[in-house]
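What follows is one structure encoded as structure tokens, with my remarks underneath.
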Amino acid sequence: PRSTLFPYTTLFRSLTSVLTWRVALRLVDDRWLAALAGALVWIMPMLGASNTTEYGFRNLALLLGVASLLLALRILDGRRRYLDMVGFGLAVGIAWWASPESVYYLLPACALLAGAVLVSRRESDIRFWAPRVAAAAAAATAGALPWLWSNVANGFRSLNTTGEATTGGGDYLSHLHTFFVSVLPYQLGLSREGGSRPLLSGVLGMFVQVVLEVALVAALALCLAWPGRARVIAGAALAFPFLYALNPLAFWWQDGRYSEYLPPFLALLLVMGCERLFRLAGRSEDRRAKHSRISRPARATARARAAAAVATTIALTLAVVAFAYGTGGSLSLLKNPNAPTEREVSVLEQHHVRFGYANYWVAYRLDFLSDEQLVFTPGPWDMIRSESMYRQVASHTRPAWLFVPSGQLGNATKQFGTDDVETGYDKEANFVGALRALGDPYTIVHAGILDAVIPQRLVTPQQVGIGTPAP
């Protein structure tokens, strides 16, 4: 897909919101509250602009993770046909194939399924559950088969994080600190994408942040104190930051890619907390005023609706502010944010510049947006995500070297989402100077925000001083 908006991201986010609404219907009694949970899931990631950013497999992993939660709740509520069990297994398996990050949802989903087995009475006979659980396990295996096929033979390389260590990435405790200080405010819409600048500064910003965080803590406590399924969801939400901190790349929080699984949990916590809070308040009032014409459940429902509606209104207001001032204006939704890079792809293809070295962020963006018609890779000086792409470039007789002209640095930073866009920590002028010193003729293709420098003879990074950070 060449657009970060249509059709995949918007479709997956919309479906995730709908599924969250359906999950909420099985967690709260009031349909309005359930609908507000779905609305919050759409609004909350919108605040960080991650609603309109394609993260590929993560959009699908989130959708299927929420789907597995819904299917587990349906089974808990008595839908125990083979079709339901197989559907649950497929959702779990395909979600895992999409990304093991779906574990945020798969753990509570499996806990709910175990709860369905434990609380059942008439069907508690092992002859009833054993074939159904076996069918779910078989479906999960079938759904995850591509992942298993790729991983079983190489020692489950997808789960091996030793190669993901990054300088400055921090340890477990630093990741946990990052979650509470930066990630949570970001997903609540209190900070802008790409940095820790608050959306609302000063006393007002601090007040809004404190109110939202206190509300979340209160909702979490209320749900943990409530027995049953609410406690499972709350437990999963409580475990989220600790699982998040296990990811060696979790220090990179600025665009929300590793935390985009959080909004459904936050929305469900808030609506469940609202309902439970006002149920408790209604009980105490009912003891003091039994003669009231309005029933206790009706009062509790009305207050819970009002509280959730206020929360949704505040979130929607912040979303409008974020898009108007924090992400370049809501009109940007009508544009293709990939257009500059697509022009680069077109120019490179026209000049038959198909293989070469580039900065990490530049290389893989070009590969993706060209549908792999271009093959660019970082070198050993950077993180290599695809060994096969690296081998193709390394074996090419005249690979190109991509650089950002000094006058285009600002545009490149906006397009690639980082100011780290240089190939091998070096500038084009230094690279060209090294080629001249070697007596190696070269050609330059000016593609716009990128220049492709193509040496006549093959050079090694050591010969041109590439890959050595400046002291």
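The values are calculated or read from the model by the stated rules, or taken from the named source; none is laboratory data. Only a predicted model underlies this, so the values are computations on that prediction, with no experimental measurement involved. Reconstructed Cβ throughout: ideal geometry from the backbone, glycine too, with neighbour counts over all protein chains shown. Only protein heavy atoms, including side chains, enter the accessible area calculation; ligands, DNA and RNA are left aside. Shrake-Rupley method; radii C 1.70, N 1.55, O 1.52, S 1.80 Å.
At pLDDT 80 or above and over 23 Å from Pro100 (Cα atoms): which single residue out of Leu47, Leu25 fits that description?
Exactly one residue qualifies, and that residue is Leu25.
Looking at the stretch 172-189 only, could you name the residues that are more than 21 Å from Thr418 (Cα to Cα) and in a loop (DSSP other than H, G, I, E, B)?
Leu188 - this is the single residue of the stretch 172-189 that is more than 21 Å from Thr418 (Cα to Cα) and in a loop (DSSP other than H, G, I, E, B).
Restrict the check to the stretch 229-241 and report whether at least one residue is open to solvent by 20 Å² or more (accessible area, probe 1.4 Å), modelled with pLDDT of 80 or more and of a type in the set (Val, Ile, Thr).
Yes, some residue in the stretch 229-241 is open to solvent by 20 Å² or more (accessible area, probe 1.4 Å), modelled with pLDDT of 80 or more and of a type in the set (Val, Ile, Thr).
Among all residue pairs at least 6 apart or on different chains, which show Cβ distances below 9 Å where the first residue, located in the stretch 185-208, is more than 10 Å from Gln254 (Cα to Cα) and at pLDDT 65 or above and the second is open to solvent by 70 Å² or more (accessible area, probe 1.4 Å) and in a loop (DSSP other than H, G, I, E, B)?
Pro185/Ser196
Given the conditions (1) farther than 15 Å from Phe57 by Cα; (2) out of contact with any Ser or Thr (no Cβ under 9 Å at 6 or more places or on another chain); (3) at pLDDT below 95; (4) not aliphatic (A, V, I, L, M), report the number of the one that Glu101 does not fulfil.
It fails just one condition, (1).
Quick check, is Tyr244 within 15 Å of the chain's Cα centre (by Cα) and modelled with pLDDT of 90 or more?
yes
Which residues, counting only those in the stretch 70-103, are in contact with a helix residue (DSSP H, G or I) (Cβ under 6 Å, 6 or more places away or on another chain) and either assigned to a loop (DSSP other than H, G, I, E, B) or among the hydroxyl-bearing types (Ser, Thr, Tyr) (or both)?
The answer is Tyr82, Ser99, Ser102.
Does any residue of the stretch 335-358 turn out to be open to solvent by 60 Å² or more (accessible area, probe 1.4 Å) and either in a strand (DSSP E or B) or at pLDDT below 60 (or both)?
no
Could you name every one of the strands (runs of 3 or more DSSP E) located completely within the stretch 369-464 that has at least 3 residues being open to solvent by 70 Å² or more (accessible area, probe 1.4 Å), among the charged types (D, E, K, R) and farther than 18 Å from Val345 by Cα?
Of the strands (runs of 3 or more DSSP E) lying wholly inside the stretch 369-464, none has at least 3 residues that are open to solvent by 70 Å² or more (accessible area, probe 1.4 Å), among the charged types (D, E, K, R) and farther than 18 Å from Val345 by Cα.
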